[in-house]
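Down below is the structure, laid out as structure tokens.
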Amino acid sequence: MLNCKDATRRMSEAEDRELGLGERLELGMHLALCKGCRNYQQHLQVLRDACRGYRDELTNPEKE
Amino acid sequence: MSYHGGFDARATEAAIAPPASIDNAFVEQVRRDMLAFAQLQLRDAALAEDAVQDALTAALTSGKDFAGRSALKTWVFGILRHKIVDLIRQQSRTTPVSAFGGDEDSLDQAFDALFKENAHWQPAHRPAAWGDPESSLRDKHFWAVFDACLTQLPKNTARVFMMREFLELDTGEVCSAAGISTSNCHVILHRARSALRGCLEKSWFLAGERPC
């Protein structure tokens, strides 16, 4: 059974490489039971959106 | 060596006339955005200045007739991306990126402190849902906080994270440019995300709910 610390590592790695089936199942089971880690997953998504928004703001050619 | 120092690049820029549609005010604005972008990633004002100057000079002396400002900005940021990766690659050859160091240790300690001995969340630090992140992303105060959080990342951590998220390189390219193993790459990226998450939570998402 994955602990929370390992679950955060795996959620981060999921953004950078394809997880194996076993890894995905383990993470999915953990997330189903752990609200804190589901929130962490939401935070990673917000972070990703923020990075994209920040990058676009600087590089967007249409910016006034 | 195709890499020019800032002084030469500036001298070249002064000697040529940019296309008429590209006025000085526009170039200055693009230059500011490029500098912010390069400085965030390189964490070195002189290197950032050189990279920006080279990219701008390349664009303005290319003889290309840019169909308007948008085309110029897109093109010049494309060049800047390559220059930043080249510079990181060059630097990591002489000074290898280390996954571990003083600043990194303190980030790891702060992260470890969120967990109990059994590696589950400390009740006080268990992540709570962030309310309405979409409206945060439309709030200019949020972006000031985000910028401050990015700036607080240690240099090596920031470079690796920014190559991944801002230059949109895949993990293999990031590890190769930084000259580090894939597993170190994952360690650094996880550390960067955790630090940014913690910073945003403390400075933005929970900031209003705390007594002052």
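The values are calculated or read from the model by the stated rules, or taken from the named source; none is laboratory data. It should be emphasised that the depicted structure is a prediction, and the values quoted were computed from it without experimental measurement. As a convention, Cβ positions derive from the backbone with ideal geometry for all residues, glycine included, and neighbour counts pool all protein chains shown. Ligands, DNA and RNA are stripped out before the accessible areas are found, and what is left, the full protein with its side chains, is counted by its heavy atoms. Shrake-Rupley method; radii C 1.70, N 1.55, O 1.52, S 1.80 Å.
In plain terms, if you count all Cα to Cα distances in the protein assembly as shown and split them into 10 Å steps from zero, the share in each step is 6, 26, 31, 21, 11, 4, 0 percent. Using a probe of 1.4 Å on the protein chains alone, the accessible area found for B:S183 is around 80 Å².
Of all the accessible heavy-atom surface of the range B:144-208, with the other protein chains kept in place and a 1.4 Å probe, what percent is carbon and sulfur?
On the way: 1050 of 2070 Å².
With neighbouring chains kept in place, the figure for the range B:144-208 is 51 percent.
If one takes the accessible area of chain A alone plus chain B alone and subtracts that of the pair, with a 1.4 Å probe, what total in Å², rounded to the nearest 100, results? If you can, show how the numbers build up before the last one.
Working: alone 5160 and 12090 Å², together 13750 Å².
Chains A and B together bury approximately 3500 Å².
Quick one: Kirkwood hydrodynamic radius for chain B, alpha-carbon pairs, angstrom, one decimal? Walk me through the numbers on the way to the answer.
Details: mean 1/r = 0.0516 Å⁻¹.
By the Kirkwood definition, the hydrodynamic radius is 19.4 Å.
Under the convention that each Lys and Arg Cβ holds +1 and each Asp and Glu Cβ holds -1, the size of the dipole of chain A around its Cα centre is about 320 debye.
When the C-alpha to C-alpha distance is required to be over 28 Å, the pairs from B:K116/B:K202; A:K35/B:K140; B:K140/B:K202; B:K64/B:K155; A:K5/B:K83; A:K5/B:K155 that qualify are A:K35/B:K140; B:K64/B:K155; A:K5/B:K83.
Would the range B:64-188 count as rounded, prolate or oblate if I go by the C-alpha gyration tensor, calling it rounded below 1.5 in a/c and otherwise prolate when a/b exceeds b/c, oblate otherwise?
Details: a/c = 2.77, a/b = 1.33, b/c = 2.07.
The shape class here is oblate.
Solvent-accessible area per residue in the range B:76-212 equals 49 Å², computed with a 1.4 angstrom probe and all protein chains kept.
Helix B:140-152 sits at what angle to the longest principal axis of chain B, using alpha carbons and giving 0 to 90 degrees rounded to 10? Relative to chain B, helix B:140-152 is tipped by roughly 90 degrees. Across chain B, C-alpha contacts under 8 Å between residues 6 or more apart give a mean separation that, scaled by the residue count, equals a relative contact order of 22 percent.
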